1. So which residue, out of T167, T62, T39, gets the largest mean-square fluctuation from a GNM of the chain using Cα contacts under 10 Å as springs?
2. State the extension gain, in nm to one decimal, for the chain segment bounded by Q140 and D234, taking 0.36 nm per residue of separation less the distance between their alpha-carbons.
3. Kindly provide the trypsin sites (Lys or Arg not before Pro) of the range 136-244 that DSSP labels as loop, not H, G, I, E or B, and whose Cβ sees at most 14 other Cβ atoms within 10 Å.
4. Restricting to DSSP H runs of at least four residues, report the calculated mean residue ellipticity at 222 nm for the chain, -39500 (n - 2.57) per run over all residues, nearest 500 deg cm²/dmol.
5. Kindly give Rg over Rh for the range 142-253, based on alpha-carbon atoms, with the Kirkwood expression for the hydrodynamic radius.
6. Tell me, what is the per residue accessible area of the range 81-237 in Å², probe radius 1.4 Å?
7. Determine, for each peptide in 282-293, 121-132, the mean count of other beta carbons within 10 angstrom over its residues, then list the peptides with the highest first.
8. For the chain, the longest stretch holding no GluC sites (Glu not before Pro) located in a DSSP loop with at most 11 other Cβ atoms within 10 Å is which?
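The values are calculated or read from the model by the stated rules, or taken from the named source; none is laboratory data. Only a predicted model underlies this, so the values are computations on that prediction, with no experimental measurement involved. Cβ placement follows ideal geometry from the backbone for every residue including glycine, while neighbour counts extend to all protein chains displayed. Please note that ligands, DNA and RNA were not included when accessible areas were found on the heavy atoms of the full protein model with its side chains. Shrake-Rupley method; radii C 1.70, N 1.55, O 1.52, S 1.80 Å.
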Amino acid sequence: MRYPQIRAFTGEPGVIRLAGHRGARGVLPENTMEGFEFTLNTGVKLLELDVTATRDGVVVITHNHRLTRSMVRDAEGNWLQGEEPKVAALTYAELQQYDAGGLDSSSAYGQRFPDQAFLSGVRIPRLADLLALLQRPQHQDVHLFLEIKSDPDLLADTAARQRLVETVVADVRNAEMQPRTVLHSFDWDLLADCQRIAPEMPASFLTQLPENDADVGEDSSKEVNPVAGCSVLDLPARVATAKGQFWCPYYLDITADALVLARDLGLTTMVWTVNEPEDIDRMITLGVDVICSDYPGRVQRLLLKQGMHWLPAAER
Ligand code: MG
């Protein structure tokens, strides 16, 4: 196989792989070291995370392009007021003034995750911080869906987009994490840059059909995801034509026929973000390769209940 890292993401009879979405967003603050460490300590071997860059070119792990008042407090501990600052307009040092350790329960976003622990003094981490953690001996088998978020204000700025990819790839290469990383995005043009700049890493194509609404309270990736007018059965071929290795559909979009098509095309299929027990069970029955969830513990329990596991016996 050209990409040995794909094995760690591939299901088999009795095994569906499990990825912690932004760590384990359902139970701990998303995209934080606290959340990643918790997820790893529960035996989850795949992490999904989102990255963008600060003004001074530091790759940081955060989902939205602006610090969002439902999930970020200022240095005094107050929820952000006024205009939400853009991450790309702040230096890394400035970003460290903010606290990303909890959700505002009165916000729509906060209400989506009522069980998320409320921490204080939590900083938005650098990608390099997570990659350093993964150097520890007990984490040598952990692999990443590294999602690059394209800046909606710079969609036409080819040089800036390329610079972002180069900066992210440089961090991964510095940590020698290419053999454990998949580059993941809704922005298929950005993935083409990834394939050119970092051909040693597989490309993972996210899709969400327009009929399924974007999630409440977070940045939408609609404008960069070129699937308007497609049916779900078109998507695997589109990914294969773009020379992707992974197809990552929204769980409400995927069908059994589409999964067969993807498999015939040699694609690995990951579904996101599957949180409700009945939906997790449906994805287990369908037999996807990877389930990505805000509640990795739920997926573990439901797999075990069926005599299945998220790791092959040899990897446990
Ligand atoms: Mg993501």
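1. T167
2. This chain segment gains 30.2 nm when fully extended.
3. K243
4. -8000 deg cm²/dmol
5. 0.96
6. Accessible surface, normalised per residue, equals 44 Å².
7. 282-293, 121-132
8. By the stated rule (loop sites, at most 11 other Cβ atoms within 10 Å), 212-316.
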